[in-house]
Amino acid sequence: MESNLQSDWVARSLRSVWHPCTQMQHHETVPLIPVKHGRGAWLYDHEGRRYLDAISSWWVNLFGHANPRINAALKEQLDTLEHAMLAGFTHEPVIELSERLAALTGHKLGHAFYASDGASAVEIALKMSFHSWRNKGRSGKQEFVCLKGSYHGETIGALAVTDVALFKDAYGPLLRATQTVMSPDARQAAEGETAQDVARRAAADVERLFNERGDKIAAIIIEPLVQCATGMAMHDPIYLQLVRALCDQHSVHLILDEIAVGCGRTGTFFACEQAGIWPDFLCLSKGISGGYLPLSLVLSRDEIYQAFYSADVTRGFLHSHSYTGNPLACRAALATLDIFEQDNVLEANKLRAARLTKALEPLANHARIKNARKQGMIWAFDAIDAGPTFSRRYFAEATRQELLLRPIGPTIYLMPPYILDDGEIDGLAARTLSVFEATLAGAEA
Ligand SMILES: *Cc1c(COP(=O)(O)O)cnc(C)c1O
């Protein structure tokens, strides 16, 4: 009876829901899992099977599903104010959130502009950069620079600064031309080269481009410390220091996309803190609402804000979304920031990370694994000779072993919520390895 229910949900979903980032025909063989409810790090289906959410439901869920503290904050907000437009009106949750985020940047980035998803935050940063140059009389600065292997979202503007062929190629004719520079990915180190050497080589590529056409470039956009969507490519923080200096020298804005790496994911609240620099624009989304509601924002410097401040309406930033600064989403974000403070999460994560790193040693040392790497609460491993269907086969096997884990190509990665207890950490490491071995064995069979 229960099992019929589960297959009913699957059939109905496949008939009427067009799932994201999915070739729908693959669901003829790949399982679709209807989630009935969630609690903590676990998702439960209609048959009572559970799945350990090792990738925080696409990197958004920081403190578990159905978190009691975030739930309580939202229930209270729901009975107070669900939404009000943010043009001509304001409200407590959006004010408080903006103030607290500004304080977290040491008031370097004191102006918060809101949207709902990550790609929209990227669009906003690109438009603000271009428009602020224009307001300063430098309308020739119209180009954007991104890194090889970059991912900044999939709307038309964000896709233009994304360098992932699978997402981009089909839409090439719709996109603005972008300058692409070398990635500082430390895996490219030649014999005898360090991660810092690679970072310096990559920064030299930025310098070459800025020397060539800095006067035409509005901004460079970078995902600091870890380029997540292309397979957790990690780099040395010195890269960010060098690029910050080049941006200052050549009057180019630095946009840091912390949509995935922000909110404590790399070990500090903002990834750029590890380089000791601040960008001109910082994009946040994903974890900021604890994984509860769509919320994104762009934090910017006072100098940017001042470039728009004028009696002339057309010099203003005339961009909006219907749900800009939604009070429920802001309340979820405030509850999330409360948990960071009350539970001293960044410190507690160091202990969790150390235990998980240790537990993952057998996988890191596996004969079919290379480039084992980690940064804060991100772990990644590249499977050797994985084959083209590795990711799908791993995902399917993982679900059989009560694990939600979707590799990116040959890269197995973990981005768990910040709530795992010791048993869950050890179980996660053991399953990640046993699923890998079963996936390899399946390919040979
Ligand atoms: C997820 C992501 C985005 C896009 O966010 P959406 O909410 O999916 O539009 C942009 N940049 C980075 C680095 C991301 O990880």
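The values are calculated or read from the model by the stated rules, or taken from the named source; none is laboratory data. All values reported here derive from a predicted model rather than from experimental measurement. Cβ atoms come from the backbone with ideal geometry, glycine included; neighbour counts cover every protein chain shown. Areas reflect the complete protein model, heavy atoms only, side chains present, ligands, DNA and RNA absent. Shrake-Rupley method; radii C 1.70, N 1.55, O 1.52, S 1.80 Å.
Checked against the criterion of being in contact with a Cys (Cβ under 8 Å, 6 or more places away or on another chain), β-branched (Val, Ile, Thr) and touching a residue at least 40 places away in the same chain (Cβ under 8 Å), the candidates ILE378, ILE425, ILE408 yield just one match: ILE378. Within segment 120-158, the set of residues being without any contact (Cβ under 8 Å) to a residue 24 or more places away in the chain and either near the ligand (Cβ under 8 Å from one of its atoms) or assigned to a helix (DSSP H, G or I) (or both) comprises ARG134, ILE156.
For segment 261-284, the candidate set comprises residues that are out of contact with any Pro (no Cβ under 6 Å at 6 or more places or on another chain) and open to solvent by 10 Å² or more (accessible area, probe 1.4 Å); within that set, the residue that is farthest from PHE130 (Cα to Cα) is GLY267. Scanning segment 241-257 for residues that are within 15 Å of the ligand (Cβ to nearest atom) and touching a Leu at 6+ places or on another chain (Cβ under 8 Å) yields ILE255, LEU256. Please tell me if ALA102 is away from the ligand (no atom under 16 Å from the Cβ) and open to solvent by 50 Å² or more (accessible area, probe 1.4 Å). The answer is no for ALA102. Those helices (runs of 4 or more DSSP H) of segment 313-430 in which at least 3 residues are under 22 Å from the mean Cα position of the chain (by Cα) and under 24 Å from ASP117 (Cα atoms), considering only elements entirely within it, cover 327-342.
Does ASP185 satisfy being free of Cβ contacts under 8 Å to residues at least 60 places away in the same chain, more than 16 Å from the ligand (Cβ to nearest atom) and closer than 21 Å to LYS168 by Cβ? Criteria not met by ASP185.
Checked against (1) open to solvent by less than 50 Å² (accessible area, probe 1.4 Å); (2) within 16 Å of the ligand (Cβ to nearest atom), TRP58 passes all but condition (1). For segment 59-73, a tally of residues being within 21 Å of GLY118 (Cβ to Cβ) and in contact with a helix residue (DSSP H, G or I) (Cβ under 6 Å, 6 or more places away or on another chain) returns 5. Criterion applied to LEU32, LEU52, LEU43, LEU86 was being surrounded by 15 or more Cβ atoms within 10 Å (Cβ to Cβ) and within 29 Å of SER322 (Cβ to Cβ), and the one residue passing it is LEU86.
As a summary of the residue check, ASP117 satisfies the conditions (1) open to solvent by less than 50 Å² (accessible area, probe 1.4 Å); (2) within 16 Å of the ligand (Cβ to nearest atom); (3) touching a Ser or Thr at 6+ places or on another chain (Cβ under 6 Å) except for the one numbered (1).
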